[in-house]
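First comes the structure, then the notes that go with it.
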Amino acid sequence: MAEEKQIPQPDAERIIHSLDTMKVYFDPVRTRIMQEMAHTPRTVQQIAEALGVPFTRLYYHVKMMEKHDLIRMVDIKQMPGAIEEKYYQVSARMFVIDRNLLTFDPQGKNDSLELVLKKVFDESHTDVRQSVQAGRVDMSVVPPHPKSLFARRMVLRLNEENAVEFQKDLMDLYVKYQSKETSTDDTYYGAVLALYPSNAPFEESEDDPEVDSD
């Protein structure tokens with residue numbers, strides 16, 4: 001009996017060192033493609049079926065992700081008619097941006113930090129509105145509910161030890177659910193995680209009354 005071929009497992013973590021790779025990684029279409037191959041190696045055809053798009057639309061994205069080592073071809077199967085089926089999988093369970101890439105421009109025009117903020121927050125803003133409009137989010141229900149919108153803007157007072165613990169808890173929670181097996185019947189959920197030392201722990205409300213001082 002032939003030995004079962006061992007498929008190489010993704011690395012635990014991969015650091016993104018180039019701005020070009022970061023742009024490829026943050027593309028929303030490629031994010032969904034990577035999610036489809038996060039647990040099990042998939043062919044382009046299988047991913048296309050799961051996403052409900054023609055497979056010809058995915059080849060360019062797959063090529064770009066493979067070029068930047070975000071995904072890897074882990075297996076090839078010979079099919080009838082001399083056809084090869086290539087199986088791809090993510091190269092790592094978690095991707096981390098090299099801190100040296102996060103340049104800052106006070107004008108907010110030519111820095112990679114601005115790119116990250118736009119991709120994370122602006123696109124999430126657009127995605128929420130479009131999801132509500134499409135009826136995927138039901139604004140009449142409240143969390144916890146599978147179709148509800150869970151959105152909070154909070155300010156916490158933390159010491160350094162608790163801040164580190166909070167970050168670890170957030171990442172552990174992400175890894176816990178990212179590693180669960182999924183099926184094509186499951187729903188995509190968008191999630192935005194941000195924790196940072198705030199420059200404005202106190203913000204005046206727009207309707208705060210003006211107070212005259214004598």
Task: Contacts under 7 angstrom Cβ, first residue in the range 37-62 being in contact (Cβ under 8 Å) with a residue 40 or more places away in the chain and within 12 Å of GLN89 (Cβ to Cβ), partner polar (S, T, N, Q) and surrounded by 18 or more Cβ atoms within 10 Å (Cβ to Cβ), 6 or more apart - done: MET37/GLN89; PRO41/GLN89
Open item on the list: Could you check the range 29-44 and list, in sequence order, the residues that are in contact with an Asp or Glu (Cβ under 8 Å, 6 or more places away or on another chain) and either charged (D, E, K, R) or exposed (fewer than 12 other Cβ atoms within 10 Å of the Cβ) (or both)?
Closed with: ARG42
Task: Contacts under 7 angstrom Cβ, first residue in the range 173-190 being in contact (Cβ under 8 Å) with a residue 12 or more places away in the chain and surrounded by fewer than 12 Cβ atoms within 10 Å (Cβ to Cβ), partner hydrophobic (A, V, I, L, M, F, W, C) and assigned to a loop (DSSP other than H, G, I, E, B), 6 or more apart - done: none
Open item on the list: Of all residues being assigned to a helix (DSSP H, G or I) and of a type in the set (Val, Ile, Thr) in the range 48-77, which is surrounded by the most Cβ atoms within 10 Å (Cβ to Cβ)? Just the residue, please.
Closed with: VAL62
TODO: Please enumerate the residues belonging to the range 54-98 that are small (Gly, Ala, Ser) and within 17 Å of the chain's Cα centre (by Cα).
DONE: SER91, ALA92
Task: Out of VAL132, VAL128, VAL120, VAL96, sole residue that is in a helix (DSSP H, G or I), exposed (fewer than 15 other Cβ atoms within 10 Å of the Cβ) and touching a residue at least 24 places away in the same chain (Cβ under 8 Å) - done: VAL120
- [ ] Would you mind telling me which numbered condition in (1) closer than 27 Å to MET171 by Cα; (2) at pLDDT 90 or above PHE26 fails?
- [x] (2)
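Each row is one residue, and each column tells you yes or no for (1) more than 30 Å from ARG42 (Cβ to Cβ); (2) in contact with a helix residue (DSSP H, G or I) (Cβ under 9 Å, 6 or more places away or on another chain).
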site	(1), (2)
HIS68	no, yes
ASP75	no, no
ARG99	yes, no
VAL137	no, yes
PHE150	no, no
- [ ] Can you run down the residue pairs with Cβ atoms below 8 Å, 6 or more apart or on separate chains, where the first is in the range 147-163 and charged (D, E, K, R) and the partner is in a loop (DSSP other than H, G, I, E, B)?
- [x] LYS147/ARG136; LYS147/VAL137; LYS147/ASP138; LYS147/VAL141; ARG157/PRO201
Task: the range 19-31 residues that are farther than 14 Å from VAL90 by Cβ, paired with ones that are among the aromatic types (Phe, Trp, Tyr) (beta carbon under 9 Å, 6 or more apart) - done: none
Open item on the list: Looking for something part of a helix (DSSP H, G or I), aliphatic (A, V, I, L, M) and at pLDDT below 90 - is there at least one such residue anywhere in the range 3-14?
Closed with: no
Task: the range 99-117, residues that are free of Cβ contacts under 8 Å to residues at least 60 places away in the same chain, part of a helix (DSSP H, G or I) and surrounded by 11 or more Cβ atoms within 10 Å (Cβ to Cβ) - done: LEU113, GLU114, LEU117
TODO: Would you check if MET154 is part of a loop (DSSP other than H, G, I, E, B) and either farther than 26 Å from LEU195 by Cα or of a type in the set (A, V, I, L, M) (or both)?
DONE: yes
Open item on the list: Quick check on the range 165-187. Is at least one of its residues more than 30 Å from LEU51 (Cβ to Cβ), over 19 Å from the mean Cα position of the chain (by Cα) and part of a helix (DSSP H, G or I)?
Closed with: yes
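The values are calculated or read from the model by the stated rules, or taken from the named source; none is laboratory data. These numbers come from a predicted model, not from an experiment. Cβ atoms come from the backbone with ideal geometry, glycine included; neighbour counts cover every protein chain shown.
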